[in-house]
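In what follows, a single structure is set out as structure tokens and then discussed.
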């Protein structure tokens with residue numbers, strides 16, 4: 001497998017002499033018996049193993065009560081026989097995804113960290129291509145495009161994740177999809193993890209990946225994506241992602257908007273006079289609420305009305321907001337409309353305004 005002279009120089013000059021590993025694959029596992037073999041097989045078939053780059057696998061068994069430990073020990077033996085370190089650690093009691101990732105990283109010794117979920121499968125060039133990208137930018141959280149199994153199980157998510165532009169990777173960060181590079185595709189230099197201090201170890205349902213992602217951006221971190229499908233991302237009813245409540249994500253995202261976006265806007269319009277837009281207005285701080293001048297919408301039944309937003313806690317109307325047609329909206333706009341649900345009508349309406357994402361509008365959906 002071809003490695004450039006510059007990449008060889010990285011190995012010769014920059015490898016931490018206290019470590020003998022370049023890449024640590026970080027895998028938290030909870031009751032993963034049905035997924036372990038395909039995942040490990042994909043790691044064993046990585047093209048980077050044909051080079052001088054040293055790779056280790058670090059697995060944290062987070063209190064599994066199935067045959068996870070038995071199967072993992074078989075794979076530990078396999079990797080040992082093939083001269084590759086396999087560090088298996090764990091806890092008898094489940095500590096949660098964030099704690100499991102932190103524990104695995106703390107047991108690892110690689111200069112780079114590759115995060116892998118046990119129910120997903122790597123394409124053979126994943127490690128090589130992401131490692132090459134990371135060699136040139138130690139400040140980047142690097143993702144990849146995905147394919148989904150079962151096929152077409154979440155087509156809107158897949159289209160969104162695979163088609164974001166480089167600029168949108170850092171601007172379209174307030175959607176229900178979470179981080180713009182999906183957590184199971186993350187690859188980064190260890191210094192990023194150290195700077196952030198690890199993942200949040202809150203209760204089950206905490207979006208530890210989103211919290212980490214925002215902290216990375218707060219430290220002026222870069223976000224990049226290798227534009228090849230390097231991971232088969234599995235959809236199933238027991239996936240950890242389903243334990244994360246959308247309302248929890250929504251609150252974290254709104255708090256960040258209040259902190260990072262609204263202070264830069266003297267006033268703004270909310271695109272969506274329906275339930276989603278009204279929820280936002282009711283939840284704003286007083287300073288942000290005072291900046292809302294209007295809703296905009298396409299619904300003729302709403303345009304031209306004034307919506308009175310009643311707060312049941314304060315027992316009063318907290319804001320009277322007029323509804324205008326979207327063509328009359330003046331930026332900046334907070335867009336609370338979901339993508340890819342109107343056969344392109346919403347996207348065409350937005351495009352017709354000739355606005356710049358991140359400067360003239362922000363998505364919050």
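Just so you know, all these numbers are worked out from the coordinates, no wet-lab data involved. Being a predicted model, the structure only gives us computed values, none of them experimental. Please note: Cβ atoms are built from the backbone with ideal geometry, for glycine as well, and neighbour counts cover all protein chains shown.
What the table shows:
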| item | result |
| --- | --- |
| Sorted peptide list for 100-108, 349-357, criterion being average Cβ within 10 angstrom, highest first | 100-108, 349-357 |
| Extension gain (nm, one decimal) between residue 356 and residue 330, 0.36 nm per residue minus Cα-Cα | 8.1 nm |
| Packing-based exposure ordering (other Cβ within 10 Å, fewest first) of 39, 311 | 311, 39 |
| Helical mean residue ellipticity (222 nm; -39500 (n - 2.57) per DSSP H run of 4+; nearest 500) of the chain | -9500 deg cm²/dmol |
| Crossing angle, helix 97-107 versus the chain [Cα axis fit, 0-90 degrees, rounded to tens] | 40 |
| Candidates 310, 174, 78, ranked by Gaussian network fluctuation over the chain, Cα under 10 Å, top entry | 310 |
| Protection-proxy order for peptides 336-348, 293-305, each taking the mean of Cβ atoms within 10 Å per residue, highest first | 293-305, 336-348 |
| Relative contact order computed over the chain (Cα-Cα under 8 Å; 6+ residues apart), in percent | 15 |
| Calculated FRET efficiency for the pair residue 340/residue 267, C-beta based, R₀ 22 Å, to 0.05 | 0.15 |
| Residue 47 paired with residue 70, simple spin-label distance in nm, labels 7 Å along Cα-to-beta-carbon | 3.7 |
| Which label in (1) 20.2; (2) 17.5; (3) 18.9 gives the computed mean projected area of the Cα convex hull in nm² | (1) |
| DSSP bridge orientation in the chain - percent antiparallel, rounded to nearest 5 | 25 |
